[in-house]
Amino acid sequence: MTPVIVFLNGEFVPEERAVVSVFDRSFLYGDGLYEAIPIVGGRPFRWAEHLDRFARGTALLKIRCPFSDEEMRRFADELVAQNKLPDALLRITLSRGVGQRGYSPKGADVPTLVMNLHPLPPPDVGVVKKWKLITASQRLPAGEPLAQFKNANKLPQILARAEADEAGANEALLQNSDGWVVEGTTSNLFWIKGNTVNTPPLVAGILPGVTRAVVQDICRSMGIEFCERNIKIDELKRTDGVFLSMSSMGVVVAESLDGVQLPEPPLVSQIHRAYCNLLRQEQPQELEG
């Protein structure tokens, strides 16, 4: 078996050597952030957008990334080449590193940066995955600044996903403290009403997903009306269709919510197909085919 290579603080090492200190603040407090970027045909999809969100997160947490964007891109390309994984999900994790005991970040001056890959074939243009959803009991705070990026402390999402697992569902939808449905544990939420695609507004406390923005761009290019507004869970069950977006899977359609069967409109298949086409179109010509 070919050894798995991981990037750790400037080095490419076998996974068994990719270790961090038990005193690292990401392990002790979730004091860090991450990005998950699809790799298609050996190249990252929407790299600049992911790195822009990553930079906003480092600025809010006041963690200094030890490498420039250009260096990180070179490291990512080398990681893909060494692992021979042209189709994968790249995870970039940045921790504040080791510091003194307690919550104060004082003294944590050497951040830890890790990059690793998970095999992941790109979505099939002809098949939209169908997911069963539930409503989680967990709530997210409305207007939460930490929701603007993928922080390393995801306990509400973990507990919500555990509820989905127990219910035999693929994903759990979370509501915020104001009672609006906002997002899934790893996905952005959309629903269709008439000929309009809707999604919760960012101020509701949701992640500004890169794939969410791609879906918005697709709707505009196809002349589909797009609207940001809030919705309650009972109303969501009466819409003309629900779908989700995420970097790992692209677009998936909800076949049910809390056991209630949902319509599966052709419009979702059109958006899915357009997304898959974008994945191919944004790769260099020599990688197409």
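Quick check: anything in region 220-230 buried (at least 20 other Cβ atoms within 10 Å of the Cβ) and more than 16 Å from the chain's Cα centre (by Cα)? Please lay out each step first, then the result.
Looking only at region 220-230, we keep the residues that are buried (at least 20 other Cβ atoms within 10 Å of the Cβ), and these are none.
Within region 220-230, not a single residue is buried (at least 20 other Cβ atoms within 10 Å of the Cβ) and more than 16 Å from the chain's Cα centre (by Cα).
Among the residues of region 231-254 satisfying the criterion of being of a type in the set (A, V, I, L, M, F, W, C) and part of a loop (DSSP other than H, G, I, E, B), which is nearest to the chain's Cα centre (by Cα)?
The qualifying residue nearest to the chain's Cα centre (by Cα) is 249.
So which residues in region 255-285 are small (Gly, Ala, Ser) and in a helix (DSSP H, G or I), if there are any at all?
Residues of region 255-285 that are small (Gly, Ala, Ser), as a first pass: 256, 259, 269, 274.
269, 274, listed by residue number.
Could you pull out the residue among 154, 193, 106 that is surrounded by fewer than 21 Cβ atoms within 10 Å (Cβ to Cβ) and either in contact with a Lys or Arg (Cβ under 7 Å, 6 or more places away or on another chain) or not assigned by TED's automatic domain parsing to the domain that holds residue 270 (or both)? Steps first, please.
Numbers: 154 fails: either in contact with a Lys or Arg (Cβ under 7 Å, 6 or more places away or on another chain) or not assigned by TED's automatic domain parsing to the domain that holds residue 270 (or both); 193 fails: either in contact with a Lys or Arg (Cβ under 7 Å, 6 or more places away or on another chain) or not assigned by TED's automatic domain parsing to the domain that holds residue 270 (or both).
Being surrounded by fewer than 21 Cβ atoms within 10 Å (Cβ to Cβ) and either in contact with a Lys or Arg (Cβ under 7 Å, 6 or more places away or on another chain) or not assigned by TED's automatic domain parsing to the domain that holds residue 270 (or both) holds for just one of 154, 193, 106, which is 106.
Has region 157-169 got any residue that is buried (at least 21 other Cβ atoms within 10 Å of the Cβ) and assigned to a loop (DSSP other than H, G, I, E, B)?
The answer is yes, given that some residue of region 157-169 is buried (at least 21 other Cβ atoms within 10 Å of the Cβ) and assigned to a loop (DSSP other than H, G, I, E, B).
Which one is surrounded by the most Cβ atoms within 10 Å (Cβ to Cβ) among residues in region 66-88 that are more than 24 Å from residue 14 (Cβ to Cβ) and not hydroxyl-bearing (Ser, Thr, Tyr)?
Here is the first cut: in region 66-88, the residues more than 24 Å from residue 14 (Cβ to Cβ) are 68-70.
Imposing the further condition that a residue be not hydroxyl-bearing (Ser, Thr, Tyr) reduces the set to 69-70.
Working: 69: 14, 70: 8.
Among residues in region 66-88 that are more than 24 Å from residue 14 (Cβ to Cβ) and not hydroxyl-bearing (Ser, Thr, Tyr), the one surrounded by the most Cβ atoms within 10 Å (Cβ to Cβ) is 69.
Taking only pairs six or more apart or across chains, which ones have beta-carbon atoms under 9 Å, a first residue in region 267-279 that is buried (at least 19 other Cβ atoms within 10 Å of the Cβ), and a second residue that is part of a helix (DSSP H, G or I) and of a type in the set (Asp, Glu)?
Correct list of pairs: empty, since none qualify.
Based on this model, can you work out whether residue 121 counts as part of a loop (DSSP other than H, G, I, E, B) and in contact (Cβ under 8 Å) with a residue 60 or more places away in the chain? Spell out how you get there, then give the answer.
Values: part of a loop (DSSP other than H, G, I, E, B): yes; in contact (Cβ under 8 Å) with a residue 60 or more places away in the chain: no.
Judged against the criteria, residue 121 is not a match.
The values are calculated or read from the model by the stated rules, or taken from the named source; none is laboratory data. All of these numbers come straight from a predicted model, not from anything done at the bench. With ideal geometry, Cβ positions are generated from the backbone for all residues, glycine too; neighbour counts draw on all protein chains shown.
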